[in-house]
Structure formats: structure tokens, C-alpha cells
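> What follows is a single structure, and I will ask about it in a moment.
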Number of protein chains: 2
Amino acid sequence: MMKKLYATRMSTIPKSFIREILKVTEDPNVISFAGGLPNPQFFPVKEIAATISEVLAGDDVSALQYSTTEGYGPLREYIAQRYRDKKGLDISADQILITNGSQQGLDLIGKVFIGKGDAVAIERPAYLGAIQAFSVYEPMFCPVPLLEDGIDIGSLKDVFGRYCIRLFHTVINFQNPSGISYSQNKREELAELLGRHDTVVVEDDPYGELRFVGAAPQSMRNWLDGRAVLLGSFSKTIAPGLRLGWICAGREIMDRLVVAKQASDLHSNSLCQRIVHRYLVNNDVDKHIATIIAAYKKQRDAMMTAIEANFPREVSFTRPEGGMFLWITLPERLSSLELFDRAIEEKVAFVPGTPFFVDRGGENNMRLNYSNSDEDRINEGIRRLGKIMKNLLAG
Amino acid sequence: MMKKLYATRMSTIPKSFIREILKVTEDPNVISFAGGLPNPQFFPVKEIAATISEVLAGDDVSALQYSTTEGYGPLREYIAQRYRDKKGLDISADQILITNGSQQGLDLIGKVFIGKGDAVAIERPAYLGAIQAFSVYEPMFCPVPLLEDGIDIGSLKDVFGRYCIRLFHTVINFQNPSGISYSQNKREELAELLGRHDTVVVEDDPYGELRFVGAAPQSMRNWLDGRAVLLGSFSKTIAPGLRLGWICAGREIMDRLVVAKQASDLHSNSLCQRIVHRYLVNNDVDKHIATIIAAYKKQRDAMMTAIEANFPREVSFTRPEGGMFLWITLPERLSSLELFDRAIEEKVAFVPGTPFFVDRGGENNMRLNYSNSDEDRINEGIRRLGKIMKNLLAG
């Protein structure tokens, strides 16, 4: 009735194909490799429940009152300390802003940096949540191909040569959807290139703690300091339902992010910020993460083994060093959308590649999640997918 | 270093004077009428703590997992049911979107409706949070004066005559900052006017349940149906630290709000949605609200009595029928900013009128909050303010 009433930006935000798919996969008989859900068997339910008596004990009711936009001080300090301890980064608590998961971090970055028509470099394929969050601010996306060791520096140079790039967004470790990670060498090249331009790099790192093999390369912040804005999340290490993540940024950018956060929702949930902080203080988080890593690695291994045994030889796939996703490349004559329709009939779900591309692309790609399925379901689901692929190729 | 990197909208968002003032008022010796804080003595701390064992009991870990963007089904149904029971509105759960407090509701409305330069009618004075949230989307604000019984219909007509007004935002009950409420008659006139234009009315109602006297007039939704978008909040009836509110809108608008919410932060805190729902189901909420009302009414009465006894005769003030704020109009030669500086010296804080105006105005106004002070502090604070006013007028 009132189409003309809506802002133009509403026509540019892609609806999440993934969330639509998730409705199909609510059927427990469907083997779903579609979502990006962490495995709930590792949610520290009892430990979280146990924090409430501490958080709501005594006369201090500040867990329930309005609070500062920046977030709960001790939680910010914990995050900063972990950056110092684990990554050797010189980060203080006042450089941490608590957000509602990384997704809100992306929205706030869009608010602060992206004006209509501004050039924003993203990975190709890109994290869908970033495409959605940034689309609200109507940028011109410049997708830059990912190689096996990170962004294609040559293509990125081209893009920098042609446009005034306002920011570059990267999921630097175990990328969603591709599973690939930037090598140390690639990061150095990237730092060298970005150092010559007035660009912010958004290092979106929700999966970084879930490394199965190898040593973690350095954060872009090592080279770029305040021009590297880091996003982190408790969704994959504790639980996503708490909706808590953070932005780590230098003082100047932080001031603006705080204004944007205040306008967005005043501050993040006070109660859950304290719950998460108490959980972190009371428990051995590294041990907890090690448990998740061991399980996900096993699931990844099971999926890679099953793929090798069941998928046609022409199908290739990435071998992620961590995280939650594998990325499949099908032979050109095999459409992932057609495969998807057939797979749903056989009660297996995945995400076709297309939503991860802002230009055309992804018709021959698919994203497989292994974090939220056990080995039996992985074996059975991959077996079914392989059979459908072979049938489609034969037909 | 990188000023040109920021989006232009960042220069249009006003920083919250109020949140700056709150830093001054962290000193417990300051009598603060500045914040908009509910009185924490009514936070149902024990009742909330008691819900956790139910919410995190058994095998259901959905309180900690990713969830639907729209929100927790039973909570949405509870809210819809309350609209049906208390206001006789025909609202179903699928017309409710759970948000991070009303503030996020305002941000989502800005995302969906406001394009750069679009005309948005607001009250004069206006709710500061709405000014901030909407400013991100760079509207042209059209402030319309408030009278004692609601918006000045004549001025609103003028504004509608001159501009294509995309939306009109009103805090319809016990407005922040003025304390005034729209009469039933005024609502009918407003409905008649809005019915002739393609405009959305945002009925922002965080205080509506806190009515001390009189019967509640009808919601604009009675007349305007899907074109009235209602915002509600648990911040003033349960606790603001949980950051939970909602938008109630018709199907067509809801579809777009859900896309905007998804892009903003996927969904609101799953754990706290369940905590609030459990709290609502397990407790007599109306009785709880009646306790808050009785206390706030006493505090309002104390403040009005103290004002009459202490402020100069030329000072006028609103007599709110509910909510948390009084609005003071000083004689023209008395600046509320000057008064503010003197008051801080005497350890009393309030909010001068200026931040509530997008055009010039408010120099002779001040907002006083009575919900978060006991009668002794109200008496002492108002006494000090009266003394300063008299000194300034004499000097």
C-alpha cells in the first residue's frame, strides 16, 4: 500500500537465503550442513546457570540498570588482556566496545564509515552478514577474489587503483563461506598495500580461536595499528544466544563507534555481559575451547574423508585449518541450485554459493557446515549428496 | 588523521548531553534529577534470578543458540495478548518484533523509512533518543510544538501542507522530556489528519503502563491500523539492563523491519527473552507495576509540592499523569544552562532543555526526573535549585 514510504536502502538489502533455508531444516529428519550454528553440546549451560547467583547477588543491581554504551568495564578489560596475552597486541580496555555479536559490529562500522555510493572492498565470496549489514548504507561493493592463501593482492591493487576504497572487510581466519585463511606472507603483502592507502581494514574474526592445526599468523593490527578494526565474538566459543561480541579499534574511530552504538540501542545487555564475564573468570576457557576444537576437527576430518569417498572426482574443496565451513567447487555443468533442490528431496541441506556473491557467481559452489553434525550424519549426508551429484552428472 | 574516511552522517548525530551529564552524576553526593533511570529498588532481582533454573533446565539449549530474528515466540504471544487484553487491539504475535529496547526500535524504523533529506515530523521538544536514532539516516526534521494536551494540530497541518512527511514520531503518554500526554480528543484529531496523508505514525510508548491518574486514552492503532507502528519496552516495568523492547507493526512493515533487524544484529538476546517471558508468566506483573506506580506518584507529588514551595512564582511546570519526568519553563531572563552550571556546584543535576530541540530552543527549559530519587533527596534538591534560581533572578 505504501511502497513509496520506504527508504530506498530497503530494496538493496539481500534477504538471507540462509535464514530461509533454516526454516526447511527445522525438520529434525533433514541432515543440515546449511546453518552456521555452533554445536550446542558444547554450550556451557551449567556454568552459565551458575553465574547468575554471583551476578545478581547482594545489593548491586547494576546488572539490571542502564549502563555505559561502551560496555561492562571488567569484560572489556578481559578482552583487552586476552589480546595482549594471546596475540601480543598492545590493546587497552578503552579500545574495546561491546556489541550484540559481530553482526552489530558490522552494522556500526557501516554507520560510521559507509556513505551512499562509497567503494567498499569485500572478499569474493564474501561473508553474507557483512553484505547485508553494509548494504543498508548503500555502498558500491568491489568484490576481490580469494585465493587459497587469502585475498588476491593483484586484484586488490587493481581495485585500489580504480576507486577510493573506504574500507576493506575480511574474515581473515577460516573464512565464512570459503574456509580459507590468510597466510602470514599474504598478511604482510596486504599490510604493505593498505599502508599506502587511507583505508580501514575490518578484520572480522569470529572463528580465529577455533584453529585445528598450525600457528596463528599475526593480526593486521600489528602493521596497521588504529587503521585495523578488529571484530570478535563469544558466539563460537561460549554461546551465540547471548549475542555478545566486540569491536576493537583505536581511540578516534572508537569515539565515533560509541556515538553510533548509543543511537542504535544505548548499550548491550548488562545482565549477559556480567554473565559472560563471570563465566570467563570462573572457568578454564582455553580448556573449553580445546574441547570444541578437538570435536570440530574430527567432524571436519570426517567430512573431508566422506567427500573424497563419495563426491565425483571433478569436485574440489577447501581444507580449512579451523572454523566451521568447507567450500565446494562443482564442475561447471553442475548447478548448486539444481543440486540444492534435489538434496532437499533427499533430506540434506546446504547453502548454494550464490548468496555470497554481490556480482554473479557461485552457481557452481556450495558451503558445507560441519560443526553442527555428528560423524554419522556427516557420512550419511555426504553419501546422499555424492549420489545426487553423480546422477546429475550422468543425466 | 582520517576525517575524510567517515560517513557524513557521523557529523549529524548529536552526542548525548544526557550521557555526558551522567558522568558528573556518578558522584553519589550529587542529587541527580538528570537521568531517565527507573528506580532500581523495584527491579525484581530475586524473581529474575529464579527464572534461570527454568530457562536453562533440561536438554533444551535453545536459550543459548542462534534463534529467529523475530524473537522468542511465547514472548511475542505474551505481548500480543497484553495488547488485546489491556487495549482491545486486534494484534497477533506475528505483528511483534523483539528489539533491544525501544531505542533499537527507533533505529530499525530509521533504517526502513528514512532516506537522506526525507521530512520527519517530531515533537518540540522531542525525545532525544529519537533525534539520535533518526539523525543517522539524515532526515530533515520538522519539529511541531507540543501543547498541554498533545501535539499542536494546527502546526502539524502546516507542516503536512509544506512537506511530504514520511513519518511522525510521538511519545504519546507522559512524554520524555515534557511529561505531557495526548488527550483522547487530540488523538482523534490526529487520526483524522493522518488518515488523509500517506504517513506512518510511530507511537513510542515506554511509559504508558506507568499511569498515576485517569484512564488511558486509545492507541493511534485504533484508527490507523497498520499505519500506526507501536514501540514498547520492558525497561520501565521490569529492568532496562535486559535491553528488551518490541515493535508492533502490520505485516507489510514488519517484513521490512525483520530484514533490517537481521542486518543489524541477527536477533535479540535469546537467554534474556526467555528470562523475561518466564518472569512474566511466573509473577503478577500488574501488581508489580502498581507498586512502581504508587512510588513514582508519591515522588512526583513530592517534587511538585517542593517546586511550589521553593521555585520562584514565574517558573511554570507540567503536571504529568504518569511516567518519570517534569518539564520546567523558566522566565526568559533565566538560562537553564547557567542554572545548570550553578546547580552542579551545589551538587544537583538536571538536563537543560536545549538537547531536546533540533532547532534553537530550550534555553529556558529543564527536565527533571523524579523516578530515581526518594522524597528527602527530592526536597533537598528542589530546595537548592529554588535558591539558585532566586539568586540568579535577583543578581
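What follows draws every value from the coordinates through simple rules; no lab data is involved. Predicted model, so just to flag it, every value in this text is computed and none were measured. Please note: Cβ atoms are built from the backbone with ideal geometry, for glycine as well, and neighbour counts cover all protein chains shown.
> If you stretched the chain out fully between B:Glu345 and B:Asp359, how much longer would it get, using 0.36 nm times the residue separation minus the C-alpha to C-alpha distance?
Details: separation 14, 0.36 × 14 = 5.04 nm, distance 2.87 nm.
Contour length minus the Cα-Cα distance gives 2.2 nm.
> Right, here's the next one. What spacing in nm lies between the two simple spin-label points modelled at B:Ala215 and A:Ser316, each 7 Å away from Cα in the Cβ direction?
Taking the two extended label points, one gets 7.5 nm.
> Name the aspartates and glutamates eligible as straight-distance cross-link partners of A:Lys116: C-alpha to C-alpha under 13 Å, and not fewer than 8 places from it in the same chain.
Within the straight-line limit of under 13 Å, A:Lys116 reaches these aspartates and glutamates: A:Glu138, B:Glu138.
> Sticking with this one: Quick one: what Rg and Dmax do you get for chain B from the alpha carbons, in Å?
21.1, 71
> In addition: With charges set only on the Cβ (+1 for Lys and Arg, -1 for Asp and Glu), what does the dipole of the protein assembly as shown come to about its Cα centre, in debye to the nearest 20? Present the calculation step by step, with values, prior to reporting the outcome.
Numbers: 94 positive and 98 negative charges, 138 e Å.
Here the size comes out at about 660 debye.
> Right, next: Take the stretch A:4-95, drop everything but the C-alpha atoms, weight them equally and run the Debye formula without solvent; then report log10 I(q)/I(0) at 0.12, 0.14, 0.21 Å⁻¹ to two decimals.
Calculated log10 I(q)/I(0) at the listed q: -0.86, -1.02, -1.02.
> While we're here: Report, by chain and number, residues whose modeled amide H sits under 5 Å from the one on B:Val144, excluding near sequence neighbours (fewer than 5 apart, same chain).
Amide H to amide H, under 5 Å and 5 or more residues apart or across chains, B:Val144 pairs with B:Ile122, B:Glu123, B:Arg124.
> How large are Rg and Dmax for the protein assembly as shown when only the alpha carbon atoms are used, in Å?
For the protein assembly as shown, the Cα radius of gyration and maximum Cα-Cα distance read 27.1, 97 Å.
> Using the Cβ atoms and a cut-off under 12 Å, what net charge is assigned to the surroundings of A:Leu97, where Lys and Arg are +1 and Asp and Glu are -1?
Values: positive: A:Arg76, A:Arg251, A:Arg256, A:Lys261; negative: A:Glu70, A:Asp94, A:Asp255.
Cβ neighbours under 12 Å give a net charge of +1.
> Translational diffusion coefficient of the stretch A:58-282 at 20 °C, 1.002 mPa s, Stokes-Einstein with Kirkwood Rh over Cα pairs, in µm²/s as a whole number. Walk me through the intermediate numbers first.
Details: Rh = 17.8 Å.
D = 121 µm²/s.
> Could you give each residue of the stretch A:306-323 its phi-based ³J(HN,Hα) in whole Hz, using Karplus coefficients 6.51, -1.76, 1.60 with θ = phi - 60°, and x for Gly or Pro?
These are the phi-based 3J(HN,Hα) values: 5, 5, 4, 7, 10, 7, x, 4, 6, 7, 10, 8, 7, 10, x, 7, x, x Hz.
> ³J(HN,Hα) across the stretch A:95-111 via Karplus (A = 6.51, B = -1.76, C = 1.60, θ = phi - 60°), whole Hz, x for Gly/Pro?
For the stretch A:95-111, the Karplus-derived couplings read 9, 10, 10, 7, 10, 7, x, 4, 4, 5, x, 5, 4, 5, 5, x, 4 Hz, x marking Gly and Pro.
> Taking 8 Å as the Cα distance limit and 6 or more residues as the minimum spacing, I'd like the relative contact order of chain A as a percentage. Numbers along the way, then the final one.
Numbers: 727 pairs, mean separation 92.0, N = 395.
With pairs under 8 Å counted, the relative contact order is 23 percent.
> Give the order of A:Lys186, A:Lys157 when sorted by the count of other beta carbons within 10 angstrom, beginning with the fewest.
Values: A:Lys186 19, A:Lys157 14.
By the 10 Å Cβ count, ascending: A:Lys157, A:Lys186.
> Further question on the same structure: Given an 8 Å cut-off on Cα distances and at least 6 residues of separation, report the relative contact order of the stretch B:57-282 as a percent.
Values: 390 pairs, mean separation 61.5, N = 226.
That works out to 27 percent.
> Among A:Ser183, B:Met140, B:Gln299, flag the residue with its Cα farthest along the positive direction of the charge dipole of the protein assembly as shown, charges on Cβ as +1 for Lys/Arg and -1 for Asp/Glu.
B:Met140
> Right, another one. The stretch B:332-365: which GluC sites (Glu not before Pro) are DSSP loop and have at most 10 other beta-carbon atoms within 10 angstrom? Could the numbers behind the result be given before it?
On the way: sites: B:Glu332, B:Glu338, B:Glu345, B:Glu346, B:Glu363; in loops: B:Glu332, B:Glu346, B:Glu363.
The qualifying sites are B:Glu332.
> Sticking with this one: Report the calculated FRET efficiency for A:Glu375 and B:Asn282 (r = Cβ-Cβ distance, R0 = 41 Å), to the nearest 0.05. Present the calculation step by step, with values, prior to reporting the outcome.
On the way: r = 41 Å, r/R0 = 1.00.
That gives a FRET efficiency of 0.50.
> Could I ask something else about it? Take the Cβ-Cβ distance between A:Leu393 and A:Gln184 as r, set R0 to 56 Å, and report the resulting FRET efficiency rounded to the nearest 0.05.
Numbers: r = 39 Å, r/R0 = 0.69.
FRET efficiency, A:Leu393 to A:Gln184: 0.90.
> Here is a follow-up. Under Stokes-Einstein, with the Kirkwood radius over Cα pairs standing in for Rh, what whole-number D in µm²/s applies to the stretch A:122-175 at 20 °C and 1.002 mPa s? It would help to have the intermediate numbers written out before the result.
Working: Rh = 11.6 Å.
Once the numbers are plugged in, D ends up at 184 µm²/s.
> Another question, then. Any idea which of B:Ser371, A:Phe350, B:Leu210 is furthest toward the positive side of the dipole for the protein assembly as shown, if Lys and Arg beta-carbons carry +1 and Asp and Glu beta-carbons -1?
About the Cα centre, the residue reaching furthest to the positive side is A:Phe350.
> Next question, about the same structure. About the Cα centre, and with charges only on the beta carbon of Lys, Arg (+1) and Asp, Glu (-1), how big is the dipole of chain A? Nearest 20 debye, please.
Working: 47 positive and 49 negative charges, 122 e Å.
Computed about the Cα centre, the dipole is about 580 debye.
> Which of the residue pairs B:Lys236/B:Lys297; A:Lys297/A:Lys390; A:Lys86/A:Lys236; A:Lys86/A:Lys261; B:Lys46/B:Lys236 have a Cα-Cα distance greater than 21 Å in the structure shown? Before the final figure, lay out each step's value.
Working: B:Lys236/B:Lys297 14 Å; A:Lys297/A:Lys390 27 Å; A:Lys86/A:Lys236 17 Å; A:Lys86/A:Lys261 27 Å; B:Lys46/B:Lys236 17 Å.
From B:Lys236/B:Lys297; A:Lys297/A:Lys390; A:Lys86/A:Lys236; A:Lys86/A:Lys261; B:Lys46/B:Lys236, over 21 Å: A:Lys297/A:Lys390; A:Lys86/A:Lys261.
> Need one number: the % of Cα-Cα pairs in the stretch A:175-226 sitting beyond the 17 Å mark. Display every interim value, and only then the final one.
Working: 505 of 1326 pairs.
Roughly 38 percent, once rounded to a whole number.
> P(r) for the stretch B:116-207: what percent of alpha-carbon pairs falls in each 10 Å bin, starting at zero?
Calculated P(r), rounded to whole percents: 17, 55, 26, 1.
> For the stretch B:27-34, take each phi angle, set θ = phi - 60°, evaluate the Karplus expression 6.51 cos²θ - 1.76 cosθ + 1.60, and give the result in whole Hz per residue in order, putting x for glycine and proline.
With the stated coefficients, the stretch B:27-34 comes to 4, x, 7, 7, 7, 10, 9, 8 Hz.
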